[in-house]
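*Asks:* Here you go, one structure.
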Amino acid sequence: QRKNPFSSDERLAARPVHSSHGDPSYGRPPEGSKTEQRGRDAHSHVGREVEELCGIIRSTGEKGEDGHVSVTFRQLFETYVTISNKVVGILLRARKHGLVHFEGEMLWQGKDDDVIITLL
């Protein structure tokens, strides 16, 4: 639309041209846009869910000899599923941030019920 001579939409002319891979703004929404705000809000929401998950592990798990609190996936799933149906996704995010540890790439209900999740 930017190159369309029949378009009179001023917003299209004001938008910057796509940036290149080396540009720090590449792949990011324009600063101050609604898209940027939605991304910040989503990031904040997921952060709160990760904190809540860690709190549930702390309250339902058992402290081991190493001082870390651990819980089985089954126990965590049964407790957390009433709060959120995204328990596995939140666990993966918590592991990415170094807050929890568990073996395997993904956890599946039934198959991985006995996997130990440790709060770091």
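*Asks:* Please list, by residue number, every one of the GluC sites (Glu not before Pro) in the range 59-88 that is coil in DSSP and has at most 15 other beta-carbon atoms within 10 Å.
*Replies:* Sites meeting the loop and neighbour criteria: Glu65.
*Asks:* Let me ask something additional. For Phe77, what is the net charge nearby, where nearby means another residue's Cβ is under 14 Å from its Cβ and Lys, Arg count +1, Asp, Glu -1?
*Replies:* Here the count lands on -1.
*Asks:* Out of all Cα-Cα pairs in the range 34-119, roughly what percent, to the nearest whole number, are more than 19 Å apart?
*Replies:* 36
*Asks:* Report the local net charge at Leu119: Lys and Arg +1, Asp and Glu -1, summed over other residues whose C-beta lies under 10 Å from its C-beta.
*Replies:* With Lys, Arg at +1 and Asp, Glu at -1, the net is +2.
*Asks:* Something else now. Can you tell me the dipole magnitude for the range 25-120 around its Cα centre, using point charges on the Cβ only (Lys, Arg +1; Asp, Glu -1), in Debye to the nearest 20? Don't skip to the answer; put the middle values down first.
*Replies:* On the way: 13 positive and 15 negative charges, 100 e Å.
For this selection, approximately 480 debye.
*Asks:* Another question, then. Mind giving me the nanometre distance, one decimal, between the label points for Arg48 and Thr60, set 7 Å out from Cα along Cα→Cβ?
*Replies:* Rounded to a tenth, the inter-label distance reads 2.0 nm.
*Asks:* Another one. Considering lysine pairs in the range 34-119 that are 8 or more places apart or on different chains, how many have Cα atoms under 23 Å apart?
*Replies:* Step by step, the pairs that qualify in the range 34-119 add up to 4.
Quick note: the coordinates plus some simple rules give every number you see, no bench work behind them. Keep in mind the model is a prediction, meaning the values are calculated, not measured. When we count neighbours, we look across all protein chains shown, and the Cβ atoms used for this are built from the backbone with ideal geometry, even at glycine.
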